[in-house]
Amino acid sequence: MQVRPGSPYPLGATWDGRGTNFAIFSAHAEKIELCLFDRFGRRETDRIALPEVTDDVWHVYLPEVVPGQVYGYRVYGPYEPDRGHRFNNNKLLLDPYAKRITGHFVWTDAHFAYRTRSARADLSFDKRDNSRSMLKAVVVDDAFTWGDDRSPRVPWHDTVIYEAHVRGLTMQRKDVAPAWRGTFRGLGSPQMIEHLHRLGVTTIELLPIHGHVDEHMLVDKGLRNYWGYSSIAFFAPQPHYGAADSTLEDFKATVAQLHQAGIEVLLDVVYNHTCEGNHLGPTLCFRGIDNASYYWLRPNAARYYDDFTGCGNSLNLTHPRVLQMVMDSLRYWVETCHVDGFRFDLATTLGRGPNGFDPNAGFFAAVNQDPVLSRVKLIAEPWDVGWGGYQLGGFPQGWSEWNDAFRRTVRRYWRSERDQIRDLAGRMSGSADHFRYRRRPPRASINHVTVHDGFTLADLVSYSSKHNAANGEDNRDGSNDNQSTNWGVEGPTGDKAILEARRRAKRGMLATLFLAHGVPLMLAGDEVGNSQNGNNNAYCQDNETGWVDWSGIGRKGDDLTELVSQLTALRRSFPQLQGRHWLVGHRSDGSHDVKWMTPRGTEMTQADWFVNEARFLSYVLGPIDSAGVPLYVVLNAGTEAVDFVLPNWPGCVTWARMLATVVGDDRHADGKFKIDAFKEGSKHVAPAQSVTVFAGTS
């Protein structure tokens, strides 16, 4: 085969219409071979030593290689774990820049040699060829006909996020074509788009779609890493989310369909660790290419990894080439695949340096100055498991963060805990205690009550403890601190009083989520009563437990689609719900942003905030301009009704009821309220476990 030195840039395999340039970084390798395989990835057809090294990038140009070519690398160098080097040329390695992956990683006896060797032995050092059981990369043609595709660029204050798993979202949607269920195509199907529109969703956030590998402990139990938080390929989609030879094209087509429907696409990305695990993990890619560069190693024990993630290793983004890889990956998904932003798993790790987390770390500086990435949505999961890992509110300007303080407070309030109204007031007004001191706007808070990690909304009100036996870890996995309650019976029940309490609590939590300042994020399936049978860590349940159960559509009490639709419509109609600015209470002109009210219709005093048994909170949100109207929000998480008085407000004569999560006796047969407007100062009742919203009229 004809061989030319080629170019060190760009990294990866790049087809130019005549041939393919291969480039791979390794600072400590002594030799690198490119291995070419037949189209099935079974038989090696050529092995070529990369002839050139430029700035630690090894490269070669092959005029005869075209898209569809399967390949991998063998990297030669010292096997000296105590110095951080784990080279082993017997291992076929995946290209870190692979745009498409093929084959299946198969756990073999070679991967468990450490079980029968000394405690200081390492499973990476094995002389058997692993090429037949390894993932391999495929040369791709990135060309795609996008037409007039444009990002919807939904403003933050209009954003409503729907967190979903590509496979789990549609596996049980009977109205989606069978061949499309569980795939990118199913995600972009007309049925799903119609449902998202009905909910008022503007943005879908997908659990990881990067290529990943299942851990052996799961494979050994007949399970798999369903969620996919075990990445190995940061540029390639997981193969089984699309057709065999067109997964990347399927993803792009789905993005285009969602964009045409006005829906943004965010990716949950895992750049904090890889599936290669700890020092006893398999050698698949980075470990064998340049272990000492890619990973954080212990300063005085380089055989072992600094593990800030709880997953065995941590990627070292302080290394310029590792940072480059992450930046290249992000730009690839935005520029080539047109995604609209990212949610960064365990994002504290990405900002770690020798002295811990730093909001001015190189990664944040690189993203914030990047002309492409600085314009997309950036969301951090603001913690990891290392020292000083909890960093809620600590990320730079331009970033938003998952706000678990919101989740915790709302759950406690709606299970009727006492002494929660002070915290709840803070959460409803954008969690200023976490974000405002750094001059970050309310949209910095991504509010959520449930996400993939934990109970679903239905399980949150049905189980007081986790039930994770199916995960095969004797119920030790998953959080024990769920702030949940079963309202009297653990799990399913036919008791009407308990079912009603659960329904009211669910409706109250959803209403709180969408009425709060910040950006609401809801978990797919919560609107139709999806349950995981009490499993709060369904990461390995690629089955009916982990998939969304859509049977609740149209079922009275379970289908909350219409409620969500009403709530998102309220956010669109009343700008003061969107949290464009911080609430300051009394404005300088004598008007109000927010006025906290007692049930008596008077403004709350300091003493009113410290009534421990209080479970009633109400407030008026003033209009943001002269054309607007005030809103009066009434929340009652108590198990008893509370009498209250509609407040007086300048220019407001009556209050029109816009939303009620609990329907009383004052409705017509068609569901509409018999009385649409009420005079200020009139007396009313807030039913137990209810939310009611009124709009002022002159």
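The values are calculated or read from the model by the stated rules, or taken from the named source; none is laboratory data. In this text the structure is predicted, and so the values were computed from the model without any measurement. FYI the Cβ positions are ideal-geometry reconstructions off the backbone, even for glycines, and counts take in every protein chain you see.
In table form, for the structure just shown:
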read-out	value
Breaking point among (1) in contact with a helix residue (DSSP H, G or I) (Cβ under 7 Å, 6 or more places away or on another chain); (2) surrounded by fewer than 16 Cβ atoms within 10 Å (Cβ to Cβ); (3) more than 30 Å from residue 575 (Cβ to Cβ), for residue 176	(2)
Any hit, the range 440-449, residues being under 30 Å from residue 640 (Cβ atoms) and assigned to a loop (DSSP other than H, G, I, E, B)	yes
Some residue of the range 485-498 being within 18 Å of residue 168 (Cα to Cα) and not assigned by TED's automatic domain parsing to the domain that holds residue 637	no
Failed item in (1) in a helix (DSSP H, G or I); (2) more than 30 Å from residue 85 (Cβ to Cβ); (3) at pLDDT below 95, with residue 221 passing the rest	(1)
Residue 599 under 16 Å from residue 517 (Cβ atoms) and either modelled with pLDDT of 85 or more or crowded, with 18+ Cβ neighbours inside 10 Å (or both)	no
Residues that are among the small types (Gly, Ala, Ser), out of contact with any strand residue (DSSP E or B) (no Cβ under 8 Å at 6 or more places or on another chain) and either surrounded by 23 or more Cβ atoms within 10 Å (Cβ to Cβ) or in a loop (DSSP other than H, G, I, E, B) (or both), drawn from the range 409-439	416
One residue from 516, 497, 538, 511 being surrounded by fewer than 23 Cβ atoms within 10 Å (Cβ to Cβ), at pLDDT 95 or above and aliphatic (A, V, I, L, M)	497
Residues being farther than 19 Å from residue 22 by Cβ and in contact (Cβ under 8 Å) with a residue 24 or more places away in the chain - total across the range 74-86	8
Residues (outside any loop (DSSP other than H, G, I, E, B) and under 25 Å from residue 81 (Cβ atoms)) located in the range 36-56	53
From the options 57, 66, 75, residue that is in contact with a strand residue (DSSP E or B) (Cβ under 8 Å, 6 or more places away or on another chain) and either small (Gly, Ala, Ser) or farther than 20 Å from residue 287 by Cβ (or both)	66
Criterion violated by residue 282 - all others in (1) farther than 20 Å from residue 210 by Cα; (2) crowded, with 19+ Cβ neighbours inside 10 Å satisfied	(1)
Any hit, the range 18-35, residues being without any contact (Cβ under 8 Å) to a residue 60 or more places away in the chain, surrounded by fewer than 14 Cβ atoms within 10 Å (Cβ to Cβ) and not in a strand (DSSP E or B)	yes
Matching residues in the range 1-14 - criterion: being buried (at least 19 other Cβ atoms within 10 Å of the Cβ) and in contact (Cβ under 8 Å) with a residue 40 or more places away in the chain	6, 11, 12, 13
Among the candidates 383, 487, residue that is closer than 30 Å to residue 357 by Cα and not basic (Lys, Arg)	383
Subset of the range 225-250 (residues that are of a type outside the set (Gly, Ala, Ser) and under 19 Å from the mean Cα position of the chain (by Cα))	225, 226, 227, 229, 232, 234, 235, 237, 238, 241
Top-ranked residue in the range 486-504 [being among the hydrophobic types (A, V, I, L, M, F, W, C) and assigned to a loop (DSSP other than H, G, I, E, B); ranked as farthest from residue 661 (Cα to Cα)]	489
Residue 71 vs. criteria touching a residue at least 60 places away in the same chain (Cβ under 8 Å), buried (at least 17 other Cβ atoms within 10 Å of the Cβ) and assigned to a strand (DSSP E or B)	yes
The range 543-556 - residue that is in contact with a helix residue (DSSP H, G or I) (Cβ under 7 Å, 6 or more places away or on another chain) and touching a residue at least 60 places away in the same chain (Cβ under 8 Å) and, of those, surrounded by the fewest Cβ atoms within 10 Å (Cβ to Cβ)	545
Qualifying residues in the range 228-251 (those that are part of a strand (DSSP E or B) and among the small types (Gly, Ala, Ser)) - the one farthest from residue 147 (Cα to Cα)	231
Some residue of the range 587-605 being β-branched (Val, Ile, Thr) and touching a helix residue (DSSP H, G or I) at 6+ places or on another chain (Cβ under 8 Å)	yes
Answer from 364, 406, 395 - the residue that is part of a helix (DSSP H, G or I), touching a residue at least 24 places away in the same chain (Cβ under 8 Å), in contact with a strand residue (DSSP E or B) (Cβ under 7 Å, 6 or more places away or on another chain) and of a type in the set (A, V, I, L, M, F, W, C)	406
Set 492, 442: member being of a type outside the set (Gly, Ala, Ser) and surrounded by fewer than 22 Cβ atoms within 10 Å (Cβ to Cβ)	492
Residue in the range 564-583 that is of a type in the set (S, T, N, Q) and without any contact (Cβ under 8 Å) to a residue 24 or more places away in the chain present	yes
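Every residue, every condition in (1) surrounded by 16 or more Cβ atoms within 10 Å (Cβ to Cβ); (2) within 30 Å of residue 524 (Cβ to Cβ), yes or no:
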residue	(1), (2)
570	yes, yes
576	yes, yes
584	no, no
604	yes, no
607	no, no
610	no, no
613	no, no
